[in-house]
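Below is one structure, written out as structure tokens; comments come after it.
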Amino acid sequence: MPKNRLTFHTVKELDGELEQALKLFVETFKTEAITAHTYNFNHELTEKQYYKASLLNAKLYIEQGHDIMVAKIDDTIVGVSIMKKTSQKSLIHTLRFVFPEVFELLPLLTKINYRNAVSMSKTMKLTHPLKENYVTLAAIAVTSNYQGKGVGKQFLNEIHQRHKKDFESIYLYTADEKNKNLYSHIGYEMVEHKQASHFSVYHMIYRF
């Protein structure tokens, strides 16, 4: 395999590779506007607890049939993405699957700024739900060492190629204007713009 080649693969189970990818995810998203305003990362244990929550979420995503993709350069993980499809699993099935691990996340609840969380939850939902057959890009993260080097754009192109056969479009929202501009540059259209107290939330869609 040529050196410095960017490769992608879908993770099928919670293993050491995914754990490493989720550490990258937490490191990237703890400064993202929505996450930073929801959780108090000034507390020394918040990042550790947020990582545990991310692990449980990843386990749920895999069980429910969502896609978690890892981007690697040689043997180094440089990115991770989460694509959420419509789950066919019931709420009861989900609760049984996470029990009793969910109790390990209770300390994280004390690190939430609930006033911010309530106001932001309104901005993270579309006023009018999409009626087309779409998949949600719930998260995409690239390690800081590879940001600004085209990795994010290649990652998005890979996501598009993998999902265009089964879906009409990809939906996402972001509170980062830099990311909004990147998405716009590669063909995402803004379908709604909502204002939170400290930032804007951009709802965007890419149609195949």
Taking residue 155 as the residue in question, decide whether it is out of contact with any helix residue (DSSP H, G or I) (no Cβ under 6 Å at 6 or more places or on another chain) and free of Cβ contacts under 8 Å to residues at least 60 places away in the same chain. no
Inside the range 119-145, can you point out the residues that are touching a residue at least 24 places away in the same chain (Cβ under 8 Å), more than 23 Å from residue 199 (Cα to Cα) and either surrounded by fewer than 17 Cβ atoms within 10 Å (Cβ to Cβ) or over 18 Å from the mean Cα position of the chain (by Cα) (or both)? 130, 132, 133, 145
Could you tell me whether any residue of the range 176-190 is in contact with a strand residue (DSSP E or B) (Cβ under 7 Å, 6 or more places away or on another chain), in contact (Cβ under 8 Å) with a residue 24 or more places away in the chain, of a type in the set (Lys, Arg) and assigned to a strand (DSSP E or B)? no
For the structure I just gave you, tell me whether residue 84 is modelled with pLDDT of 85 or more and among the charged types (D, E, K, R). yes
Would you confirm whether or not the range 25-32 contains a residue that is basic (Lys, Arg), over 15 Å from residue 77 (Cβ atoms) and either touching a Ser or Thr at 6+ places or on another chain (Cβ under 9 Å) or at pLDDT below 90 (or both)? yes
Pairs needed: first member in the range 37-51, part of a strand (DSSP E or B); second member anywhere, surrounded by 15 or more Cβ atoms within 10 Å (Cβ to Cβ) and among the β-branched types (Val, Ile, Thr); C-beta distance under 7 Å; at least 6 residues apart or different chains. 39/46
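Looking at residue 23, is it farther than 22 Å from residue 124 by Cβ and under 14 Å from the mean Cα position of the chain (by Cα)?
yes
The values are calculated or read from the model by the stated rules, or taken from the named source; none is laboratory data. These numbers come from a predicted model, not from an experiment. Backbone-built Cβ (ideal geometry, glycine too); neighbour counts: all protein chains shown.
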